[in-house]
Structures are given as C-alpha cells and as structure tokens.
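The values are calculated or read from the model by the stated rules, or taken from the named source; none is laboratory data. Computed from a prediction, not measured in an experiment: that's the story for all the values here. Areas reflect the complete protein model, heavy atoms only, side chains present, ligands, DNA and RNA absent. Shrake-Rupley method; radii C 1.70, N 1.55, O 1.52, S 1.80 Å.
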Amino acid sequence: MQHLHYALKADHHLKHFGRLQFGLFLKGIGVSLEEALKFWRSEFIKGNMDVDKFDKQYAYAIRHNYGKEGKRTNYTPYSCMKIIMGNPPGAGDQHGCPFRHTRTDVLVQQLKAMKISSTQVDEVLVKVKSNHYQHACGMCFAAVHKQSSAEDTVLAIDHPNQYFELSQKILHPQKPSTSTIPRTMRTPQNATLQTSCASDVPGTDSETNTNKKIKQEAELDEGWENDDLDEIMSGVASMESM
C-alpha cells in the first residue's frame, strides 16, 4: 500500500484498480468519506486536473466506495488472496501484491531499501519462488519489525489492513485501533504461518475454499464503476509488503 501511496504522491493519479485497492484500504484504516474526498481531490488537482473534472469523473466512485451511491453497498478492503488472484497490473498500473506481481530484481531492490539483510531477502525469495506470497509477506513483516523469523512464530498475513493494524500495535502500542474491517477478517496476533500457507498456492486442498471466498468478495464489488495520511503511511515500517 505504501507503493500505491508513493505512486499517487509522485504522479498525482492512479488508474482504476489502484484507486480501488488503495481507496478501500484507506477506508479500512478509518479514513472517513469526507477525508477521502479531500485527500483524493488534493492529489488529483496537483496533477493539473480541475476540481470540476474530479467531481464529475472521480468523486462518485469514492462515494460509491463508501456505500453512498448506486446499490449503497458497504464495500470492504481487499484481502491478500483477492489481490493475489485478482486482476494483474498492466502498463501504468500500480496495484497488486508486490510478492506476486513485482519482478524479482525490482523486489530485491525494494526489500534491500527496507534494510532487510541479504540472508533475509534470500529467505523471502525462496517463498516467493514457491508461490507462498503471504508466507513471504509474513517473513518480511518479521524482518522489518525486528521479530523472530522462525516459521512457527512468524505472523500469518492475510489482509493488508491486518498488516497495517499489527504494525501500528508494534510502533504505537498505546494508540487505539481505527480499523473498520470486521473482526472476523483479522488474524489473531499469535497466529502462525501454518494458518495461511496452503491458501497462497493455487492447486492446494484449500483452493476450493479460497475460490469461494474470492467469489463472495467479488459479489460484494459488483456494480463498481469507474497530510495526515502521509504521516500514517510513512510511519508504518515496510508497508511495501502489502
């Protein structure tokens, strides 16, 4: 999600699936509709877009995101599995999972920029090459938060908002959570990788349940058309892993 944030700050625009993935994530961490409209409008205007164009072409989709337009559906942030199995990024796109959709050489650069040791980078890449993307994310989380990377202690990362919330608990243990995602979508803090490893690889015994979950999430999204956040995003260690 940090990658999406930085891309937006650099280009003052994100394509549809990037806006969708990042917008729902922001909603999940507690950004209100009014704050979201202000945030997106301020960034798009910096890219020489006039206010009228933003309000006509983009504001509706943001309100739709919050259940204020169309079917009035209360959309939820995308899970890791939905991002991994969803629309892959094309030219000019910034969305997706870095472990699933980023070229290996670029991913290595990103991991090293997060001050992860060469040994830890190699361990992450082993999981990536084995299609265990969530496993790789959990190992990355442990590395950047200075936690044990032993497989029986590494957190299972199933959702970008879960990553954010757990990171905030480590960085700001006294700060109350602003998450709006349902409690059932979160993984307990003492969960281990064994709870999610099978699900990150298509073709495993859990594929049927995974596909059902993706279908249910897709049904919720039917009908979708079309500088406090800076502090939040920069304050989270290695949001690139999301």
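A quick yes/no check of all residues on (1) within 18 Å of the chain's Cα centre (by Cα); (2) at pLDDT 60 or above; (3) charged (D, E, K, R):
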site	(1), (2), (3)
Asn161	yes, yes, no
His172	no, yes, no
Pro182	yes, no, no
Asn190	no, no, no
The condition from (1) in a helix (DSSP H, G or I); (2) at positive phi; (3) small (Gly, Ala, Ser) that Ser167 misses is numbered (2)
Which one of the conditions (1) at pLDDT 95 or above; (2) open to solvent by less than 30 Å² (accessible area, probe 1.4 Å) does Glu34 fail to meet, given that it meets all the rest?
(2)
